[in-house]
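Down below is the structure, laid out as structure tokens.
The values are calculated or read from the model by the stated rules, or taken from the named source; none is laboratory data. On a predicted model such as this, the values are computed, not experimentally measured, just so you know. Virtual Cβ from ideal backbone geometry, glycine too; neighbours counted across all protein chains shown. These accessible areas exclude ligands, DNA and RNA; they are computed on the full protein's heavy atoms, side chains included. Shrake-Rupley method; radii C 1.70, N 1.55, O 1.52, S 1.80 Å.
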Amino acid sequence: MQITILGASGQVGKATLREALSKGYQVKVLVRSPDKLGDLKEKVTIIKGDLLDGMSVEQALQGSVVVINAAGGVKEPDQYKKFQLIGTILTEKMKLLGITRLINISGAVMNLPTEKLDLKRKIMKVFVSLIFRQMKQAQEAFLPIIINDNNISWTFVRAAMISKKPGTGKVLANDKQMPGTTIMLEDLGKFIVEQITSTEWIKKAPLVASK
């Protein structure tokens, strides 16, 4: 099975890519700087380009049955507008190519339209707004475009604070409340790849943490 990973050169993208390759998936990636893939560069099909370029996105998605989006906001202006456009381009190209499955990586502070944050996540949201403002803007722009598209079977994986310590091999997932404060990068990559074939969290947004 071929999948496409967007944002594969970031830390979560790389962890997801390593796990996908270990499970035998053929992987296409869309990256601006292929050298950032390091030792993974020779193991994937690379489309060099930008998420804002529809042609590049279409090339990256061709032949795949699942899209994993690990791209997040960067410290540049207009992240909200850029990710609105990215969401629009991605949904259009998925529809054009007949791809319905999308797995998106997000933060624990992101909430669905009908969802209320508990006190812990409200505090986290204030922190994220101050320190990771661009990431928050990107997700706030991207999320409604995806969940309002009836053609997409989406899963928003909302991660706790990410640690690079060795994985525990066990992930707690709950779409109502935070199951923990930290998730190991290795565990997050494994959980994301499991969603390729799982139907448990389709059109849901699990909050995830390592056990």
**Q.** Taking the C-alpha atoms of the chain, convex hull volume expressed per residue in Å³
**A.** 113
Q) With charges only on Cβ, +1 for K and R and -1 for D and E, what is the dipole size of the range 1-91 about its Cα centre, in debye, rounded to 20? A) 180
Q | With every protein chain in place, the range 1-92: carbon and sulfur % of accessible area (1.4 Å) | A | 48
Q) What distance in nm separates the simple spin-label points at SER33 and ASP53, each placed 7 Å from Cα in the Cβ direction? A) 1.6
Q) For LYS43 and ASN174 in the same chain, what is the full-extension length gain: residue separation times 0.36 nm, less their Cα-Cα distance, in nm? A) 43.8 nm
Q. Cα extents of the range 1-118 along the three principal axes, largest first, in whole Å?
A. 42, 30, 28
**Q.** Accessible area expressed per residue, the chain, with surrounding protein chains retained (probe 1.4 Å, Å²)
**A.** 49
Q.
Could you tell me the relative contact order of the chain? Use alpha-carbon pairs under 8 Å, at least six residues apart, and round to a whole percent.
A. 20
Q) Taking springs between alpha-carbon atoms closer than 10 angstrom, which of ARG158, ARG101, ARG32 fluctuates most in the Gaussian network model of the chain? A) ARG32
